[in-house]
Amino acid sequence: MMMIASLMKSWTIWMKIGVILFGVFLLSWLGPDEIGLTDLLISLREGEETGNQLMLAVFLLVSLNTVLALFHYIGALLLGDEIAARLNRPWLKIIIPLIVIPLDYIVINAYYSLTYSFSSYALLLLLAILLLQAYEKDRLKPIIKTIICSQLIFGIEWLNEIPSLSQYGFGQGSISKELTDIAVQIDSSNL
């Protein structure tokens, strides 16, 4: 019980919780409207579809989702690292992100009107992150973990925008669904 009280007094623990919460509420300041994605989607919906506009929209969405997800994942990873080290329980490095990240998705979906799906993309990313945690053996500094995590998120995020992967649970977010529908529509009109 004394250890938990000391954890609650640690400013570094609260800083990592702050990173996670910042990621949850960042969408209020940095969302599809703010980066021009909504306007681009409207023009794509109105039949002004071009491959260039579609690629720009997909890139904007992937970049936005990468920035937003980075705070959730890196915050959960670093929180798990610190709590595991302080309590001398290495298994918490894996358990804490496994609990915190799905909770992030629940909070985001409850707070915002957009759908952020905890589907195949999130499960694949969570698995990759957990493997990183399990096999890194405390050799990676937080900055290196952040770089690796951002590359994993950016790479796996693209899978959400591939129409043929929708049947496997990718691209279930509201904007991703819309973009994959537009991509299929553009592809069928070019045949």
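Can you tell me which residue among D81, D39 is acidic (D, E) and closer than 22 Å to I144 by Cα?
D81
Report, ordered by the first and then the second residue, all pairs with beta carbons closer than 6 Å, sequence separation of six or more or different chains, a first member in region 6-31 that is in contact (Cβ under 8 Å) with a residue 24 or more places away in the chain and over 21 Å from I175 (Cβ atoms), and a second member that is among the β-branched types (V, I, T) and in a helix (DSSP H, G or I).
Hits for this filter: L7/I13.
Tell me, yes or no, whether region 68-91 has at least one residue that is exposed (fewer than 13 other Cβ atoms within 10 Å of the Cβ), in a helix (DSSP H, G or I) and at pLDDT below 90.
Checking region 68-91: not a single residue is exposed (fewer than 13 other Cβ atoms within 10 Å of the Cβ), in a helix (DSSP H, G or I) and at pLDDT below 90.
Which residue pairs have Cβ atoms closer than 8 Å, lie 6 or more positions apart in sequence or on different chains, and pair a first residue in region 149-177 that is at positive phi with a second residue that is in a loop (DSSP other than H, G, I, E, B)?
G169/S119; G171/I162
Hey, among T38, T66, T115, which residue is without any contact (Cβ under 8 Å) to a residue 12 or more places away in the chain, among the hydroxyl-bearing types (S, T, Y) and within 23 Å of I162 (Cβ to Cβ)?
Exactly one residue qualifies, and that residue is T38.
Looking at region 51-61, can you tell me whether even one residue there is more than 25 Å from Y135 (Cβ to Cβ), at pLDDT 90 or above and touching a Pro at 6+ places or on another chain (Cβ under 9 Å)?
Yes, that holds for at least one residue.
Run K137 past the list (1) on the phi > 0 side of the Ramachandran plot; (2) touching a residue at least 40 places away in the same chain (Cβ under 8 Å) and report the number of the one that doesn't hold.
Going through (1) on the phi > 0 side of the Ramachandran plot; (2) touching a residue at least 40 places away in the same chain (Cβ under 8 Å) one by one, K137 breaks only (2).
The values are calculated or read from the model by the stated rules, or taken from the named source; none is laboratory data. All figures in this text were calculated on a predicted structure; none of them were measured in a lab. Cβ atoms come from the backbone with ideal geometry, glycine included; neighbour counts cover every protein chain shown.
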